Each structure stands twice: as C-alpha cells, then as structure tokens.
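What follows is a set of notes on a single structure, which appears directly below.
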Amino acid sequence: MKVSIDKDLCTGCGVCVDNCPDVFELSGDTATVKMKNIDDKNSEIVSKVKESLENCPVEAIKID
Ligand code: SF4
C-alpha cells in the first residue's frame, strides 16, 4: 500500500499525525508521509492509515 498527501489540500490540522504518528508527521504548514510504502500485512498500521484517510477533513490523504 502506498500513501500520499495532496499538499495543496492539506491544512496541517494534525489529525493524521495524532492518529498515526508512525506514518505521518507535520513539516511546516502541512503533513508529510514518512512511511510511504506500507506492508499490507501490517494490519495495525493499515487500519490506522485508513482511519486517518476517513478522518482527514479535506480528503487530502490518498492510498494506492
Ligand atoms: Fe493534512 Fe488531512 Fe493530515 Fe489534517 S488530517 S494534517 S488536513 S492530511
């Protein structure tokens, strides 16, 4: 699974960072992805990333 953030949409609210600090971090005014490729077998991280995607207020998180 690949995770990315659309920096044009991200407001830097920090919801994803609070939810899943192993994958997301704040950098300046926006969040960035520090773990871009996630092993699909890592179910704990995968579910936290999906939760972050659902909770992002501007739908800036993308999963491929
Ligand atoms: Fe940006 Fe969405 Fe994360 Fe908020 S939850 S910091 S808007 S990617």
Any chance Glu54 is in contact with a helix residue (DSSP H, G or I) (Cβ under 8 Å, 6 or more places away or on another chain), more than 11 Å from Val3 (Cβ to Cβ) and either of a type in the set (Lys, Arg) or within 14 Å of the ligand (Cβ to nearest atom) (or both): no
In region 28-40, anything under 13 Å from Lys2 (Cα atoms) and open to solvent by 70 Å² or more (accessible area, probe 1.4 Å) is listed as Lys34, Lys36, Asn37, Asp39, Asp40
The number of residues in region 28-43 that are away from the ligand (no atom under 16 Å from the Cβ) and part of a strand (DSSP E or B) is 1
For region 7-27, does any single residue satisfy the condition of being assigned to a strand (DSSP E or B), in contact with a strand residue (DSSP E or B) (Cβ under 8 Å, 6 or more places away or on another chain) and open to solvent by less than 40 Å² (accessible area, probe 1.4 Å)? yes
Among the residues of region 18-28, is there at least one that is of a type in the set (S, T, N, Q) and in contact with a helix residue (DSSP H, G or I) (Cβ under 9 Å, 6 or more places away or on another chain)? yes
Residue list for region 1-17, restricted to those being near the ligand (Cβ under 8 Å from one of its atoms) and of a type in the set (S, T, N, Q): Thr11
Identify, by number, the condition in (1) under 20 Å from Asp8 (Cβ atoms); (2) modelled with pLDDT of 95 or more that Lys48 doesn't meet. (1)
Taking region 28-44 as the search range and keeping residues that are among the hydrophobic types (A, V, I, L, M, F, W, C) and in contact with a strand residue (DSSP E or B) (Cβ under 7 Å, 6 or more places away or on another chain), which one is farthest from Asp64 (Cα to Cα)? Ala31
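The values are calculated or read from the model by the stated rules, or taken from the named source; none is laboratory data. Everything quoted here is computed from the prediction, not taken from an experiment. In this analysis, Cβ positions are derived from the backbone assuming ideal geometry, glycine residues included, and neighbour counts consider all displayed protein chains. These accessible areas exclude ligands, DNA and RNA; they are computed on the full protein's heavy atoms, side chains included. Shrake-Rupley method; radii C 1.70, N 1.55, O 1.52, S 1.80 Å.
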